[in-house]
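The values are calculated or read from the model by the stated rules, or taken from the named source; none is laboratory data. Model, not experiment: these values are computed from the prediction. Cβ atoms come from the backbone with ideal geometry, glycine included; neighbour counts cover every protein chain shown.
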Amino acid sequence: MNLQILLATIITTAALWTSSGQNGPNCETSCGNVTITYPFGSGEGCYYSPDFLVTCNRSSGVPIPYFGDSTGNVVISNMSINQSEIEIMMFVASDCYNTSGQESRSRPSLALWDFRISTKNKFVAIGCDTQAVFSASRDSRANATDATGCISICGQNSLITNGSCSGVGCCEAEVPEGTKSFQISISSFNNHANMTDFNPCSYGFFVEEGKFSFYANYLRDFRSVDKMPMVLDWAIGNLTCDEASRNSDNFLCKGNSECDRDYEGPGYRCSCVAGYEGNPYLLNECKNIDECKRGKHDCEHECEDTEGSYTCSCRKGYSGDGRKDGTGCTKDESVLIKIVIGASCAAIFLLIFVTWLYLGLKKRKLIMLREKFFKQNGGLMLQQRISGDGGSQDRAKVFTIEELKKATNNYDERRIIGKGGYGTVYKGVLSDNRVVAIKKSKLADQTQNQIEQFINEVVILSQINHRNVVKLIGCCLETEVPLLVYEFVPNGTLSDHIHKNGKSSSVTWDVRLRIATETASALSYLHSAASVPIIHRDVKPENILLDENYVAKVADFGASRLVPMDQIELATIVQGTLGYLDPEYLQTNQLTDKSDVYSFGVVLVELLTAKKALSFDRPEEERNLAMYFLSSLKNGQLFNVLDEHLQLNYVPNEMMQVSRLAERCLRVKGDERPSMKEVAMELEGILASMVQKHPWVQSVLKEDEGVHLLEEVTNEYECKDEANVMNSWNPDSMNKQSIFSIAKGR
C-alpha cells in the first residue's frame with residue numbers, strides 16, 4: 001500500500017514538473033545575450049503555450065532569438081519576467097521617391113500579436129512631406145480598427161531641431177491602450193517634389209520611449225535602419241485571476257507566488273509574495289530571501305531569518321520589538337520608561353500642532369495660488385476691460401472656482417457632455433438656475449501676449465450677439481488654465497443628427513439647408529461683422545450645436561484666432577481636425593478666413609451625403625469625402641453620393657446649387673474660394689427661392705416650438721441637365737492623398 005502511494009506521488013510530481021516547463025534537454029536558458037525564462041521556452045514542453053515560443057537561430061554563427069518561429073523574422077532583444085514585458089526589433093515602414101517624383105520604393109508594415117503593444121512605445125514619423133497613419137486593433141479581428149497618426153512637414157523657413165519631434169521633420173503620436181495589432185501607412189503630399197536631394201523618403205515606426213532621438217541627417221538617409229526596439233506586454237491566457245484559479249491544474253500562480261489582482265487583463269500575471277524572489281511562473285521557484293545576510297532589515301541589534309520574513313531581538317537587559325521603525329530596544333528601567341512616555345506625549349502634541357499649522361499654511365497657499373492664477377491669467381486686465389464698457393448687460397462675468405465646482409458637482413464625470421482636442425465640457429447649473437456648459441481646457445503654456453489675446457477674445461465673444469453663435473457667459477481665472485462658461489444648447493451636435501445610424505433619415509433637406517444657411521451666417525458674422533475678425537479654425541459638425549428648435553449655433557472657439565483686418569496669421573503649428581483642414585494652410589502655414597470656407601465646404605458635403613469627412617472603413621478612393629464628392633460631381637455621378645435617406649429620384653435644382661457652392665468652397669487655392677459672406681448670401685438666396693417656390697416650407701421653418709421640424713418632405717423640384725453643369729466645372733488639380741492632421745492643444 002505504501003509503495004502504491006509513493007509511486008502515485010512520483011507520477012504526480014513528474015506531471016507537475018513537466019507542465020511547468022522545468023525539465024527537458026531541449027530547454028535552452030539563453031540565446032545570445034537574452035535569457036530565456038518560463039513561460040517562454042525554445043523547445044517542446046519548455047513553454048506555456050505556442051504564443052511564448054522562442055526560436056534560437058544559430059545559422060549565422062551568432063545565436064539570435066526570434067519571437068515565435070524564425071519565419072516571423074521578429075528578433076527578441078530583451079525580456080522581463082517581473083515586469084511582464086518583451087522587447088522586440090520591429091520593422092520600419094518607408095515610402096521613397098526618385099528625382100522625377102515616381103515612387104521608387106515602398107515598405108509597408110503590418111503586425112498581429114496575441115500580446116498587447118505597450119503604451120511605453122511611441123509612433124514616430126520622419127520626413128518633410130510625410131503623413132503617417134497607423135490602424136490599431138484592440139482584438140484579434142483585423143478589421144476592428146481605430147486610426148491615428150501624425151503629419152511631418154518642413155516649410156521653406158523651418159528650423160529643424162535635433163531631438164524634437166514636434167511636426168517639423170519629425171512627429172510622434174501616442175499608442176492607444178490595449179492595442180494588439182497595427183498596420184502602418186506612409187504617404188506624401190507632393191511625392192517629395194523638390195526635396196529628394198535632402199529628403200527622398202518618409203518613414204514610420206513604433207519605438208520604445210527614450211530609445212530614439214531625432215537628428216536632421218535622418219531626413220537625408222534613414223534607409224540603413226530597418227528595425228527599431230519596441231515593447232510588448234504579455235500575460236497568461238485570457239482568464240482573470242479568479243477564473244484561472246478555478247482550474248488549478250493549469251493555474252501557474254502556485255507555491256510562494258500570487259496572482260496580480262490589480263492587473264485588468266486580458267489574462268493574468270504572477271508575482272512572488274513578499275519575502276520571496278525568483279520566477280513566479282515555476283512551481284517552488286519563488287525562494288525565501290535571507291534579509292539578515294543581505295542587510296535588508298531594520299533590526300537594531302540581532303536579526304534572525306524566518307521563512308518569508310525575519311525577526312528582531314534585543315540584548316539581555318533590554319526589551320521591545322528590536323526594530324528601528326518600531327519601539328526598538330529600551331532598557332528595562334522604570335525611569336527610562338517614564339521618560340519615553342513623556343517624550344511620546346510631547347511628540348503627539350507636536351504632531352497635532354504641526355498638522356494644524358500645515359493645514360493652515362496649505363489653505364493660505366491655496367488662496368495665494370488662486371490669486372496668482374487670477375493675475376497670471378489676466379484677471380486684473382479683464383476687470384479693467386469690463387469696468388470700462390459702460391456697464392453693458394452683455395459683459396462677461398468672472399466666476400469663482402467654488403461657483404463652478406458647485407455648478408458641476410465638483411466636476412462629476414456624469415456631468416461630462418463632450419470631450420475634444422482642446423478640453424472637456426461639463427453641464428452645470430448656476431446659482432440662478434441657469435443651465436450652462438463649462439469648458440475645462442487642457443494645460444498649455446501661456447505667454448503674456450497669449451493672455452492679452454485670451455482676455456480680448458473673452459470680451460469680444462461675450463459681446464457677440466448673434467443667434468447662431470453660442471453665447472459666452474463668462475470665465476473663471478482662478479485655475480492654471482482658465483475655464484469658460486457658455487450657454488447650454490440641449491439638442492446635441494449636427495454630427496449626432498446626420499452620422500448616427502438611422503438619425504439622418506429624420507433630417508429633411510429643407511432643415512439641412514436652413515442649418516447650413518444659419519452656420520454660414522454665423523461664420524460670415526465672425527469674419528466680417530465682428531469688431532476684430534475671428535477665424536474659427538475648427539469648423540465641423542461636432543462644433544455646430546442644435547437647440548430644441550433645431551436652430552444651429554456655432555461653438556468651440558478653442559482653436560480660434562483673432563486676426564486684425566488685412567492681416568494674415570502665420571501659424572507655428574498647424575491645428576484643426578482630420579478631414580477638414582485647408583490644404584493651402586497645410587502647405588504654407590498661413591491662416592486666413594478662407595481656411596474656414598474650406599472646412600465649411602466639407603460640412604456642406606456632409607449635409608448632402610450624411611457621410612463622415614474621413615473614414616478608413618470606406619474603400620481607399622472614398623476615404624476622403626471631399627475628394628470623393630468632387631470626383632463624383634465632375635464625373636456626373638452626384639446622385640450616387642447623396643444621402644439615400646433623402647429618398648430622391650433625381651437631384652433637385654436647389655441641391656445642385658448647393659453642390660456647386662460646395663465645389664467652389666473646396667478649391668485648393670484660397671483666392672479661388674468665395675468669402676463666407678458670399679457663401680451666406682448665396683445660401684440665403686437658395687433658401688429664399690425654395691420658400692418662394694413652396695410656401696408651405698416657410699410655415700414649417702417658422703414654427704416656434706420646433707414641432708414637426710424634421711417631418712419628411714416630398715421633393716417636387718424640377719431637375720436641370722446635369723451634363724451642362726458638369727461641363728462648366730473645371731477643378732484645380734489636387735493631391736491624390738487624403739489631407740491629414742492631428743488636432744493639438746491650443
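Quick rundown of the values:
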item: Any hit, the range 164-178, residues being out of contact with any Phe, Trp or Tyr (no Cβ under 9 Å at 6 or more places or on another chain), at pLDDT below 85 and part of a loop (DSSP other than H, G, I, E, B); result: yes
item: Test set (1) under 16 Å from Thr145 (Cβ atoms); (2) part of a loop (DSSP other than H, G, I, E, B); (3) in contact with a strand residue (DSSP E or B) (Cβ under 6 Å, 6 or more places away or on another chain) - Gln183 fails condition number; result: (2)
item: Of the criteria (1) modelled with pLDDT of 90 or more; (2) outside the structural domain of Phe189 (by TED's automatic domain parsing); (3) in contact with a strand residue (DSSP E or B) (Cβ under 6 Å, 6 or more places away or on another chain); (4) not aromatic (Phe, Trp, Tyr), which one Val62 fails; result: (3)
item: Selection from the range 641-654 of residues that are touching a helix residue (DSSP H, G or I) at 6+ places or on another chain (Cβ under 7 Å) and assigned to a helix (DSSP H, G or I); result: Val641, His645, Leu646, Glu654
item: Qualifying positions in the range 145-203 - charged (D, E, K, R), out of contact with any Asp or Glu (no Cβ under 9 Å at 6 or more places or on another chain) and under 30 Å from Asp233 (Cβ atoms); result: Asp146, Glu172, Glu174, Glu177
item: Qualifying residues in the range 660-698 (those that are assigned to a loop (DSSP other than H, G, I, E, B) and either touching a strand residue (DSSP E or B) at 6+ places or on another chain (Cβ under 8 Å) or surrounded by fewer than 20 Cβ atoms within 10 Å (Cβ to Cβ) (or both)) - the one modelled with the lowest pLDDT; result: His694
item: Failed criterion for Tyr310 (all others in (1) touching a helix residue (DSSP H, G or I) at 6+ places or on another chain (Cβ under 8 Å); (2) farther than 30 Å from Cys253 by Cα; (3) at pLDDT 85 or above hold); result: (2)
item: Per-region count, the range 345-397, residues of a type in the set (Asp, Glu) and at pLDDT 85 or above; result: 0
item: Single unsatisfied condition, Thr119 versus (1) of a type outside the set (Phe, Trp, Tyr); (2) assigned to a loop (DSSP other than H, G, I, E, B); (3) at pLDDT below 90; result: (3)
item: Any pair with Cβ under 6 angstrom, 6 or more apart, that starts in the range 575-603 at a residue that is closer than 16 Å to Ile151 by Cβ and ends at one that is aromatic (Phe, Trp, Tyr) and in a loop (DSSP other than H, G, I, E, B); result: Leu578/Phe740
item: Flag if Asp556 is at pLDDT 85 or above, surrounded by 21 or more Cβ atoms within 10 Å (Cβ to Cβ) and part of a loop (DSSP other than H, G, I, E, B); result: no
item: Tabulated pairs, the range 239-260, first part of a loop (DSSP other than H, G, I, E, B), second surrounded by fewer than 17 Cβ atoms within 10 Å (Cβ to Cβ), C-beta under 6 angstrom, 6+ apart or interchain; result: Thr240/Gly265; Phe251/Ser245; Gly255/Asn284; Asn256/Val273
item: Boolean, Arg223 is touching a residue at least 12 places away in the same chain (Cβ under 8 Å), more than 21 Å from Ser118 (Cβ to Cβ) and surrounded by fewer than 17 Cβ atoms within 10 Å (Cβ to Cβ); result: yes
item: Residue within the range 305-313 that is closer than 30 Å to Glu402 by Cα and out of contact with any Ser or Thr (no Cβ under 9 Å at 6 or more places or on another chain) present; result: no
item: Selection within the range 82-94 - out of contact with any Cys (no Cβ under 7 Å at 6 or more places or on another chain) and in contact (Cβ under 8 Å) with a residue 40 or more places away in the chain; result: Asn82, Ser84, Glu85, Ile86, Glu87, Ile88, Met89, Met90, Phe91, Val92, Ala93
item: The one condition in (1) outside the structural domain of Phe52 (by TED's automatic domain parsing); (2) modelled with pLDDT of 90 or more that Gln156 fails to fulfil; result: (2)
item: Selection count where residues are outside any strand (DSSP E or B) and surrounded by 15 or more Cβ atoms within 10 Å (Cβ to Cβ), scope the range 30-44; result: 8
item: Residues within the range 50-73 that are within 40 Å of the chain's Cα centre (by Cα) and exposed (fewer than 12 other Cβ atoms within 10 Å of the Cβ), tallied; result: 2
item: Selection within the range 264-295 - under 36 Å from the mean Cα position of the chain (by Cα), more than 14 Å from Tyr48 (Cβ to Cβ) and buried (at least 17 other Cβ atoms within 10 Å of the Cβ); result: Ser271, Cys272
item: First in the range 54-81 and without any contact (Cβ under 8 Å) to a residue 40 or more places away in the chain, second anywhere and among the small types (Gly, Ala, Ser) and part of a loop (DSSP other than H, G, I, E, B), Cβ under 6 Å, 6 or more apart; result: Val54/Ser42; Cys56/Ser42; Pro63/Gly32
item: Residue in the range 131-150 that is more than 22 Å from the chain's Cα centre (by Cα), modelled with pLDDT of 85 or more and surrounded by 19 or more Cβ atoms within 10 Å (Cβ to Cβ) present; result: no
item: Identity of the residue in the range 199-217, free of Cβ contacts under 8 Å to residues at least 40 places away in the same chain and part of a loop (DSSP other than H, G, I, E, B), that ends up nearest to Asn98 (Cα to Cα); result: Lys211
item: Residue match in the range 270-292 (condition: of a type in the set (Gly, Ala, Ser) and closer than 30 Å to Asp129 by Cα); result: no
